[in-house]
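Note sheet for the following structure.
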Amino acid sequence: QVQLVESGGGLVQAGGSLRLSCAASGRTFSSYAMGWFRQAPGKEREFVARITWGGGSTYYADSVKGRFTMSRDYSKNTVYLQMNSLKPEDTAVYYCAVSPRRLASRGYEYEYWGQGTQVTVSS
């Protein structure tokens with residue numbers, strides 16, 4: 001069993017920054033991927049970013065590439081999503097998730113999910 005707890009969401013003006021955190025506990029993650037997804041009201045959940053826990057390689061959706069950076073801290077079993085140059089269209093509930101597939105980028109490939117944290121970007 002894996003537990004994921006997100007934090008760091010909030011209200012920010014367009015052009016501002018936020019850093020989301022996702023603390024993981026339970027099983028070990030040496031060969032896993034951890035991802036961030038988001039869901040805006042009335043829209044489907046979409047992939048945002050992924051990091052392989054072991055190697056640390058990252059992959060981003062085109063919509064956030066160059067603005068968002070995902071990283072991980074082994075000692076804290078935590079991943080982060082640094083979000084810069086935020087836009088109103090980034091407004092959504094952000095979820096972190098764990099997948100046993102290193103290159104997972106689709107929601108169905110992820111087994112465990114956090115409860116989500118709200119990010120609101122005002123114009």
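The values are calculated or read from the model by the stated rules, or taken from the named source; none is laboratory data. Not measured: the values here are computed from a predicted model. Counting neighbours? That spans all protein chains shown, and the Cβs are built from the backbone with ideal geometry, glycine included. All accessible areas refer to the heavy atoms of the entire protein, side chains included, with ligands and DNA or RNA removed. Shrake-Rupley method; radii C 1.70, N 1.55, O 1.52, S 1.80 Å.
Quick notes on this structure:
- Any hit, segment 110-120, residues being under 19 Å from Ala40 (Cβ atoms), β-branched (Val, Ile, Thr) and open to solvent by 40 Å² or more (accessible area, probe 1.4 Å): yes
- Residue match in segment 50-59 (condition: aliphatic (A, V, I, L, M), without any contact (Cβ under 8 Å) to a residue 60 or more places away in the chain and surrounded by 15 or more Cβ atoms within 10 Å (Cβ to Cβ)): yes
- Residue in segment 72-90 that is of a type in the set (Phe, Trp, Tyr) and over 11 Å from the mean Cα position of the chain (by Cα) present: yes
- Residue selected from segment 1-24 under the condition of a type in the set (S, T, N, Q) and closer than 15 Å to Tyr80 by Cα, by the criterion least open to solvent (accessible area, probe 1.4 Å): Ser21
- Residue selected from segment 71-88 under the condition without any contact (Cβ under 8 Å) to a residue 40 or more places away in the chain and charged (D, E, K, R), by the criterion nearest to Gly55 (Cα to Cα): Arg72
- Hey, Trp36 within 20 Å of Gln1 (Cα to Cα) and either touching a residue at least 60 places away in the same chain (Cβ under 8 Å) or polar (S, T, N, Q) (or both) or not: yes
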